[in-house]
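Trainee: One structure coming up, written as C-alpha cells, with questions to follow.
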Amino acid sequence: MITSPETPIGESPAFLEVLEATSRIAPLEKPALIVGERGTGKELIADRLHLLSDRSAQAVLKMNCAAISDALLESELFGHEAGAFTGASRTHHGRFERADGGTLFLDELATTSPLVQEKLLRVIEYGEYERVGGSKTLACDVRLIAATNEDLPRLAAEGRFRSDLLDRLAFDVITLPPLRERRDDILLLAERFAIDMSRELGREVFPGFSSDAVRSLLSHDWPGNIRELKNVVERCVYRTGADRPVAEIVLDPFESPYRPGRTSKANDAERLQTFPLDLKAAVRDFEIATIRRALDASRHNQRKAAEQLSLTYHQLRGYLKKYDILKEGDKRGDVSDRR
C-alpha cells in the first residue's frame, strides 16, 4: 500500500470499501458527494478522486463553504463584476472560472444559502453561470466534488437544502466510516503519525507505544476521528523523551485541577454537607446524575458505562431499574445489545 502523506491510510474492510468506491467513480465526469463525520478524511478522498480522474493534470481548487459568509460565498464561487457592490473595484474571477478544466472541491456544502444552491444546480445541469453583478453567461467545464458532515436527505425533507440539487449531487455517495468503526486502523494510523512527528522533532527513531498506551488508543471512541487521533499522538510523542516509548495517552490537553470553572471535590462535598440535609435524597440525586454522565460519556453503551462506574453490567441494570432510568435508556437503545 502506498503511504505518502497525501494517501489515505487503512486496511480495515470498511475503509477498503471506501477506496474501492472512490476508484469506481473517479474516472466518471459526474459530481461526487462525500459524507462523513468531522475528521474522517473527506478532503483526502476528494484528492484521490481528482488524482484518479482524467483531470488529474489540471487544477484542483478547494473551498470550505462554512468559512465564508453568505454575502461573500456567491462572489468567491462565481466571481463578480467591477462595481457589483461597494468595494468591488475590479472584476473578480471565481473558483468555477479558475477551476475550468479541472476539479472544484466544496466542503461543508450544507451551509450554503438557497441562492448559492440554485446557482450550483445550474452549473451542474448546464455548465453555465453569471458573475455577481454581471449579465453575461459564462461557460465552465468543472468536475464538482462536495462534502458534508450533515444528513442532507433530512435537511432536504425539512426544506433546508434543495432536493433537486441533492438529486444531482448524489449520482453516487461515498460515506466514510468513523474511526470507531475502523478499530483495525487505529494503531496503523497512530504509528504513522508518531513516526512523522518524530521526524519533525529531529529524532532518528520512534520507540513505539507501551501496552497501556495501546489499550488507551484502542478503547477510546475518537469522536474527532482521524484528526483527533493525529493531534493526540503528536502531542504524546512530543511530550515523551526520544529514547522512551509513549506510555501515557493524554486525550484531553485541557485536563487540569486548575482548569477555570472546575469545581473541586472538596467544594462538592461541602455542598452535600450543607445542613439541614436529606441524606437519602442527596445520595439518590448524586447516583442518578453520575449514572447519566457515565451513559452519555459511553454513548449509552451500558457495558462501557458499567466499566466506567466499576460496576458489573447487571449491577448497572439494577440501578437503571431502581431509578427508572431504564425506561429512558430503552428509548435511546442500549448500544451494547446491538453490537
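Trainee: From the list 17, 37, 43, which one is over 15 Å from the mean Cα position of the chain (by Cα) and of a type in the set (D, E, K, R)? Give the derivation first.
Mentor: Working: 37 fails: over 15 Å from the mean Cα position of the chain (by Cα); 43 fails: over 15 Å from the mean Cα position of the chain (by Cα).
Going through 17, 37, 43 in turn, just one is over 15 Å from the mean Cα position of the chain (by Cα) and of a type in the set (D, E, K, R): 17.
Trainee: Okay, moving on. All but one of (1) out of contact with any Pro (no Cβ under 8 Å at 6 or more places or on another chain); (2) not in a strand (DSSP E or B) hold for residue 33; state the number of the condition that does not hold.
Mentor: For residue 33, the exception is condition (2).
Trainee: Can you pull out every residue in the stretch 81-95 that is open to solvent by less than 70 Å² (accessible area, probe 1.4 Å) and either farther than 25 Å from residue 121 by Cβ or part of a loop (DSSP other than H, G, I, E, B) (or both)?
Mentor: Selection gives 81, 82, 83, 84, 88, 91, 94.
Trainee: Scan the stretch 44-55 and tell me whether some residue there is over 29 Å from residue 175 (Cα atoms), open to solvent by less than 60 Å² (accessible area, probe 1.4 Å) and either of a type in the set (Ser, Thr, Tyr) or without any contact (Cβ under 8 Å) to a residue 60 or more places away in the chain (or both).
Mentor: No, every residue in the stretch 44-55 fails to be over 29 Å from residue 175 (Cα atoms), open to solvent by less than 60 Å² (accessible area, probe 1.4 Å) and either of a type in the set (Ser, Thr, Tyr) or without any contact (Cβ under 8 Å) to a residue 60 or more places away in the chain (or both).
Trainee: Also, I was wondering about something else. Limited to the stretch 210-260, what total is found for residues that are without any contact (Cβ under 8 Å) to a residue 24 or more places away in the chain, under 21 Å from the mean Cα position of the chain (by Cα) and not in a loop (DSSP other than H, G, I, E, B)?
Mentor: Residues flagged as without any contact (Cβ under 8 Å) to a residue 24 or more places away in the chain, under 21 Å from the mean Cα position of the chain (by Cα) and not in a loop (DSSP other than H, G, I, E, B) within the stretch 210-260 amount to 4.
Trainee: Something else now. Does residue 272 satisfy the criteria of being more than 30 Å from residue 210 (Cβ to Cβ), at pLDDT below 85 and surrounded by 12 or more Cβ atoms within 10 Å (Cβ to Cβ)?
Mentor: The answer is yes for residue 272.
Trainee: Give me a count of the residues in the stretch 60-71 that are modelled with pLDDT of 90 or more, among the hydrophobic types (A, V, I, L, M, F, W, C) and either farther than 19 Å from residue 149 by Cα or not in a helix (DSSP H, G or I) (or both). Don't jump to the end; show me each part of the working.
Mentor: From the stretch 60-71, those modelled with pLDDT of 90 or more are 60-68; that's our starting set.
Checking the rest, the ones that are also among the hydrophobic types (A, V, I, L, M, F, W, C) come to 60-61, 63, 65-68.
Adding the requirement that they be either farther than 19 Å from residue 149 by Cα or not in a helix (DSSP H, G or I) (or both) leaves 60-61, 63, 68.
Residues flagged as modelled with pLDDT of 90 or more, among the hydrophobic types (A, V, I, L, M, F, W, C) and either farther than 19 Å from residue 149 by Cα or not in a helix (DSSP H, G or I) (or both) within the stretch 60-71 amount to 4.
The values are calculated or read from the model by the stated rules, or taken from the named source; none is laboratory data. Computed from a prediction, not measured in an experiment: that's the story for all the values here. Virtual Cβ from ideal backbone geometry, glycine too; neighbours counted across all protein chains shown. When the accessible area is computed, the model is the full protein with side chains, heavy atoms only, and any ligands, DNA or RNA have been set aside. Shrake-Rupley method; radii C 1.70, N 1.55, O 1.52, S 1.80 Å.
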